[in-house]
Each structure stands twice: as structure tokens, then as C-alpha cells.
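Nothing in this text is a laboratory measurement; each read-out follows from the coordinates by a stated rule. Bear in mind that the values here come from a model prediction, so they are computed numbers and not experimental data. FYI the Cβ positions are ideal-geometry reconstructions off the backbone, even for glycines, and counts take in every protein chain you see.
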Amino acid sequence: MVDDMEAALSSLDTYFRFNGLKVNESKFELLPLGTRQNLRGMPQFTVKFRDTVLATCTEAKNLGLVFDRYLSWDTHVIQLSRKCVGILTAVSHLRHYLPSGSLSILVSALVFSHVRYCLTVYGNGSAKNLAVIQNIINFAARIISGKRKFEHISGVRESLGWLEPPDMVTHQTLTLLHKIRRFGQPESLALKFCTNRERPDHVRSTRSDDKLSLPPNMRGSAAGKRQFAYRAAVKYNALPPEFADMTVSQFKRAFKSHLTTGDDNSRR
């Protein structure tokens, strides 16, 4: 395992040098990933890049997303909540000075943009994390509506057309999958999805020919079922067949409407 990692780093080093890129090896970090049980029994090891031993860390930030060693996304959601609550608090102090109708636009631009960023990735975490996202959404709805802390807010969310956090995750996940299926990009993800009819071992036609094939190596574990290639395919297969032929913009609108009707097997 260590040899494979060092070989990969060596290939990167060759690429960096060939393309005239300067790399600070002291800023490289090693983040072991796995379940709590896996990491508890993991032996100590070191990985070198050039002549530097990589520092082992428990969290790392990449493209604005905080990865922890268990991929629980707890730290990312905590930091996201702090950022969004800070923005919403500032907006609440200014709400009486803003033009009517501008609050929802501000909240969408300044807060929901952060919530939606990489939601497909971190949204498959715990129910506790989704509850934190729900609190952010509720706070935003109270600022826009002027409702007090203990007043019911669900009607305001519905009037604003906001989905609940689990539905937001599902909507963004399946929209991404639909885009991948329509355009075949990015290729690294597109190769993970094919229909049962497109499988090389397909022999006879069945009613599930046009359904996406589920990765067999992910069916037996909770961690496998959390992966995008599995959970997205399962939920996509639960949609009515007419969704498959829609453009991406049509899909986004129709699927949001589908979620808000309350009759949606793709949530399960």
C-alpha cells in the first residue's frame, strides 16, 4: 500500500517537474480514510514525497470541502453552519433597510450558494448534519418572514419554494446524475453508470433493461450504499420513465415538482 502511494506521488512529481510547476512538499499531508473500526486497527506507517515524510492529519480541506478521516462531514457542516449563521445575522440587522422582496434574493445568493456547494457529497452524512442544515434554512426563513423563534416556519418555507434538506440532497444528486447521463461527462463518473441493457453480460430482455445497473460490490455494506454510484442509481431508478428523456433544465423543474407532491419513491 505504501509503495503504491509513493509510486503515485513519484508520478505526480515527474509531471510537476516536466511542466515547470513548483511544489512545496512540506505542505503535503497524509489523511488515512476508513471506518472507525478500520482505522483503530490500522498499523503505523509513513509515506514519503521526495525526501519529506508526510505529516499525518485528521482533517484536510480540498476545494472548500473539509474531509475528515471517517468521511462523516461533521467538521464541514459545523464550519458551514458558522459561516451561514454569521451571514444571516448580518442580513437580519439590515433587513429593515433593504427593499421589499430583496431579502430572499440575498439569502439565496449569500447563504444557499454555500449550502448547495458539494451538497451531493456531504449531504450523504448523518441525520444530525441534515438537522444542522435544516436549522440554517429555518433561520433564513424567519429573517425573510419576520417570524419569531418559536413560531411555525414550515408554511414560510413552502411559500418560498424551498425543499427540505433530504429533498435538496436528492434533487441535487439526481440532477447531477441526469446531467452525466445526458452528456457523458465527466467521463470518470459516466463510466460508472450504464443500464442493464448496456451491460456486457446482458443476455435476455426484462422489464428492468432500461434501469441503471447497480454496482454489485457495493450492495453488501452501509459504506458501499452511501457511495454516489450506488445511491444515485437506486434513486434514479425509482423515477417515472419519462424523466430519462428530459433535458437537464426540464428535469430540474419537473423533479422539484415531483418532490414537493409528497409521492416520491426516490426519497427512499
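So the values come out like this:
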quantity: Test for residue 252: is it surrounded by 17 or more Cβ atoms within 10 Å (Cβ to Cβ) and either in a helix (DSSP H, G or I) or touching a residue at least 12 places away in the same chain (Cβ under 8 Å) (or both); calculated: yes
quantity: Selection within region 33-49 - exposed (fewer than 13 other Cβ atoms within 10 Å of the Cβ) and in contact (Cβ under 8 Å) with a residue 12 or more places away in the chain; calculated: 33, 36, 45, 46
quantity: Candidate set from region 6-31 (those that are basic (Lys, Arg) and assigned to a helix (DSSP H, G or I)); member that is surrounded by the fewest Cβ atoms within 10 Å (Cβ to Cβ); calculated: 27
quantity: Elements of type helices (runs of 4 or more DSSP H) in region 148-240, at least 1 residues being among the acidic types (Asp, Glu) and surrounded by fewer than 17 Cβ atoms within 10 Å (Cβ to Cβ); calculated: 154-160, 187-190
